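Report on one structure; see the data block that follows.
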Amino acid sequence: MTGGAPRYPLEGVVSWNMNTTCNFRCSYCTQRFVDDRKKWAKDLPAFIQGFVALPGDWEVKLSGGEPFRHPGFVDAVQQLADGGLRVSVVSNFSASREQLEGFARATQDKPGVFSASLHLEWVETEAFFEKARWFQEIFAGRFCVTLVATQENWPRIAELREMWPELKLQPEKQDRDVVAYSPAQRLQLKAWGGHNGSGQIEPDLSGRACWAGSRYFIVDHLGEAYRCYPARRYRKEYLGNILDGSLSLGFEAALCTYSYCNCTVPQQRGMVRLGD
């Protein structure tokens, strides 16, 4: 196996895309062509029971759509935390301060990561960062801000990085692929840290042993599970459904077969070896 297999991850991660609902309509959103933006996980107790029953320790990373728009979001976070799970979230950070305080309280004993997406088409920058600084003070976990490096956003990136030095960038995608940045832009994007600080723009992890499918997987609002995001995109490496008892996880690291992996959780959690 190229690079060798990483050590067994003591804590697994499941990305739960719990709804397609979102209150933003960003021009660059990868889900803007989804037929129905009003779907959400219905049977929350069954989902939570399925996650709590996973073998070993797990982190549940909530995303959507915009997960805070799910009508049972805060209650679900509390139940997941009560079940001993670490809870993380990817959000557009438009939730009320009351909802954000509820999330911070529910996760304070075993906090995860709060990833706040900055969408310049929909927010006022100063207000966003003021709210971010406030939340950082009350949240026990790791808080980060991300920005999609669109051509429209590009002229402001240097300024935004001065306002928030830890700003993480994500390359813009159209039709599943990264847009055609100029050579100079690609060099600058890498200098700024690449995709979510990975140092790369389009990570090619094919042939590398990865724990996705065993200690990482994704679940949609219907309970359908796939090994990772590229697997779901191409409808490959289906793992079953977490609601009907058919979910079947692996027991070891398996080779990645994707020449472009935008699945940053395994990379950031040490589930795949990035260097030779």
Net charge over other residues, Cβ less than 13 angstrom from the Cβ of residue 166 (K, R count +1; D, E count -1):
+3
For the pair residue 97 and residue 204, the simple spin-label estimate (label points 7 Å beyond Cα toward Cβ) gives in nm 4.9 nm
In Å, what is the Rg of the alpha-carbon atoms in the stretch 124-170, and how long is Dmax?
11.3, 34
In the chain, with Lys and Arg counted as +1 and Asp and Glu as -1 at Cβ, which of these residues, 47, 230, 242, has the Cα nearest the positive end of the dipole, that is, farthest along it?
230
Net charge, residue 232 excluded, C-beta distance under 14 Å - Lys, Arg +1, Asp, Glu -1
+2
Rounded to the nearest 0.05, what FRET efficiency do residue 233 and residue 184 have when you use their Cβ-Cβ distance and R0 = 25 Å?
0.30
The answer for residue 88, listing residues at least 5 apart or on another chain whose modeled amide H is closer than 5 Å to its amide H, is 60, 61, 62, 113
Sort the following peptides by mean Cβ neighbour count (other Cβ atoms within 10 Å, averaged over residues), highest first: 131-144, 47-60.
47-60, 131-144
Potential extension, residue 52-residue 127 segment - 0.36 nm per residue separation minus Cα distance:
23.3 nm
With charges set only on the Cβ (+1 for Lys and Arg, -1 for Asp and Glu), what does the dipole of the stretch 121-262 come to about its Cα centre, in debye to the nearest 20?
500 debye
Specify the residue with the greatest mean-square fluctuation among 112, 223, 193, computed from a Gaussian network of the chain linking alpha-carbon atoms under 10 Å apart.
193
Check cross-link reach from residue 131 to the aspartates and glutamates: straight Cα distance under 15 Å, and skip same-chain residues fewer than eight apart.
98, 101
With a point put 7 Å past each Cα toward its Cβ, work out how far residue 163 is from residue 252 in nm, to one decimal.
5.0 nm
How would the stretch 1-146 be classified by its alpha-carbon gyration tensor: rounded, prolate or oblate, with rounded meaning a/c under 1.5 and the a/b versus b/c comparison settling the rest?
rounded
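Please express the shape of the chain as an equivalent ellipsoid: the semi-axes are the square roots of 5 times the eigenvalues of the C-alpha gyration tensor, given largest first in whole angstrom.
Calculated on Cα positions only, the semi-axes equal 27, 25, 18 Å.
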Cut-off under 20 Å on the C-alpha distance; same-chain residues fewer than 8 positions from residue 190 excluded. Which aspartates and glutamates are left, in chain and number order?
152, 159, 162, 166, 172, 177, 202, 204, 276
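Values quoted throughout were computed directly from the atomic coordinates according to the rules given, and no laboratory measurement underlies them. Being a predicted model, the structure only gives us computed values, none of them experimental. Using ideal geometry, Cβ is built from the backbone for each residue, glycine included, and neighbour counts are taken over all protein chains shown.
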